[in-house]
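Colleague: Input: one structure, supplied below.
The values are calculated or read from the model by the stated rules, or taken from the named source; none is laboratory data. A quick note: this is a predicted structure, and the numbers were derived from the prediction, not measured. Virtual Cβ from ideal backbone geometry, glycine too; neighbours counted across all protein chains shown. Just the protein is used for accessible areas: all its heavy atoms, side chains included, with ligands, DNA and RNA removed. Shrake-Rupley method; radii C 1.70, N 1.55, O 1.52, S 1.80 Å.
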2 protein chains.
Amino acid sequence: MNNARFPISLHILTLMARNKGVLLSSEHIAGSININPVLVRKEISNLRNNGLVESKEGKNGGSTLAKPASDIQLSDIYHAVQQASLLGNSRNHPNPACSVGRQINVHLDNLYQEIEGALLRKLDKMTLEDFSAQFED
Amino acid sequence: MNNARFPISLHILTLMARNKGVLLSSEHIAGSININPVLVRKEISNLRNNGLVESKEGKNGGSTLAKPASDIQLSDIYHAVQQASLLGNSRNHPNPACSVGRQINVHLDNLYQEIEGALLRKLDKMTLEDFSAQFED
DNA sequence: TCATTCTGTAATTCTGTTTATTACAGTACA
DNA sequence: TGTACTGTAATAAACAGAATTACAGAATGA
């Protein structure tokens, strides 16, 4: 994960989990995270495409969880924001004339996949409810 | 890991593991990775500070492994290049007036630490020798 | 001894990515 | 019908990573 999107999405979802059934505006969420509301709306758009939140447009609109927090694994959030590889974003173009350069990306990919498996098994074990229950008022 | 440093360092060390006892120049290594030699020297400098490689200055100089590849765990390399947190680089400053904003960094840190533990247990199991033995000539 | 070939580093520039900002159409409510 | 939202595109600003330039210092060997 090469970006700050995971913590942002988790922050958004935690706010929603702790405000069950309430429509939160992007402005309000942005105020808690301290980032720009447009970025919040972009993240919410992504979470919505992944079936984690639902939104209502217009006055008094906003977004809320699309299903109970106990039905959302942290691995679901990871998958929703995940795009590049975990370790280093293999944007490298090693020299194919070198035997190491030619083969390293394959072996790196295998390694990353194995590591990501271990990570996902961890994230599978925790739900959004577990995470948000840690917060005190 | 937010950067491409892990693959670069692993590439460097793989080249050395496959050229045991030979002093490799930064120019030569840079040619295989296809990056700038100065960046290679920077990474080597870091690996040297972590006791993984040793260098010789001057004409016919270069760098080589400081110990057998079988004594270098991939977790050693991870620690050597590691600086920021694994997931997202908590450069975030959430709103302390919000109960979620106030507490989220603590809970994120705990989560990251747990995940990183799982990752390290994986990387602990593989040595540089294991990794470089996968390469064909 | 001295030219050569390396490393070690600092400083600067270049480039790509991320984030903020601006703008505005569309939707729902009251 | 005005207000308060979302959704989204386009642009600008900020930042980080990498390349490049520059040069001092070290080892070699002719």
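Colleague: Taking B:Lys59 as the anchor, which lysines have their alpha carbon closer than 28 Å to its alpha carbon, excluding any fewer than eight residues away along the same chain?
Modeller: Answer for B:Lys59, where 28 Å is the Cα cut-off: B:Lys20, B:Lys42, B:Lys67, listed by chain and number.
Colleague: Same structure again: Looking only at A:Lys122, A:Lys59, A:Lys67, which one moves most when chain A is put into a Gaussian network model with springs between Cα atoms under 10 Å?
Modeller: Ranking A:Lys122, A:Lys59, A:Lys67 by mean-square fluctuation puts A:Lys59 first.
Colleague: Counting alpha carbon pairs within less than 8 Å and at least 6 residues apart, what relative contact order, in whole percent, applies to chain B? It would help to have the intermediate numbers written out before the result.
Modeller: Details: 145 pairs, mean separation 41.9, N = 137.
Relative CO of chain B lands at 31 percent.
Colleague: A follow-up question, please. GNM, chain A, Cα, under 10 Å: largest mean-square fluctuation among A:Glu43, A:Glu57, A:Glu116?
Modeller: Evaluated over chain A, the most mobile residue of the options is A:Glu57.
Colleague: Once you list every other residue whose beta carbon is under 11 Å from the beta carbon of A:Gly62, what net charge do they have if Lys and Arg are +1 and Asp and Glu are -1?
Modeller: Numbers: positive: A:Arg41, A:Lys56, A:Lys59; negative: A:Glu27, A:Glu54, A:Glu57.
Surrounding charge for A:Gly62 is 0.
Colleague: I need the inter-copy label distances for A:Asn19: point set 7 Å along Cα to C-beta, values in nm with one decimal, smallest first.
Modeller: With the label placed 7 Å along Cα→Cβ, A:Asn19 yields 5.9 nm.
Colleague: OK, next. Highest mean first, what order results for A:71-79, A:15-23 on Cβ atoms within 10 Å?
Modeller: On the way: A:71-79: 19.0, A:15-23: 16.7.
The peptides rank, most packed first, as A:71-79, A:15-23.
Colleague: Could you name the lysines whose alpha carbon sits less than 21 Å from that of B:Lys122, not counting residues in the same chain fewer than 8 places away?
Modeller: Once the sequence-local lysines are set aside, what remains near B:Lys122 is A:Lys122, A:Lys125.
Colleague: Also: Which whole number gives the average count of other chain Cβ atoms within 10 Å of the Cβ atoms across peptide A:117-127?
Modeller: Details: counts 2, 8, 7, 2, 1, 7, 5, 0, 1, 2, 0.
Across A:117-127, the average partner-chain Cβ count within 10 Å equals 3.
Colleague: Can you tell me the orientation of helix B:99-124 relative to chain B, as the angle in degrees between its alpha-carbon axis and the longest Cα principal axis, to the nearest 10?
Modeller: Between helix and principal axis, roughly 30 degrees.
Colleague: Put one equal scatterer on each alpha carbon of the protein assembly as shown, apply the Debye formula with no solvent term, and list log10 I(q)/I(0) at q = 0.07, 0.08 1/Å to two decimals.
Modeller: So the normalised log intensities are -0.33, -0.41.
Colleague: Follow-up. Among residues other than A:Phe135 whose Cβ falls under 10 Å from its Cβ, what is the net charge (Lys/Arg +1, Asp/Glu -1)? Walk me through the intermediate numbers first.
Modeller: Numbers: positive: A:Arg18, B:Arg102; negative: A:Glu136, A:Asp137.
In short, 0.
Colleague: Which of B:Ile104, B:Ile29, B:Ile115 moves most in a GNM of chain B, Cα contacts under 10 Å?
Modeller: Comparing B:Ile104, B:Ile29, B:Ile115 in a Gaussian network model of chain B, the most mobile one is B:Ile104.
Colleague: Next up: Could you state the number of Å between the C-alpha centres of the range B:18-61 and the range A:103-137?
Modeller: One Cα centre to the other: 33 Å.
Colleague: Any idea what the A:Asn110 label distances to the other copies are, label 7 Å down the Cα→Cβ vector, nm, shortest first?
Modeller: Here A:Asn110 shows inter-copy label distances of 3.8 nm.
Colleague: Turning to a different aspect of this structure: Using a 1.4 Å probe and counting only protein heavy atoms, how much accessible surface gets buried when B and A come together, both sides summed, in Å² to the nearest 100? List each step's numbers first, then the result.
Modeller: Values: alone 8540 and 8570 Å², together 13340 Å².
Summed over both sides, the interface buries about 3800 Å².
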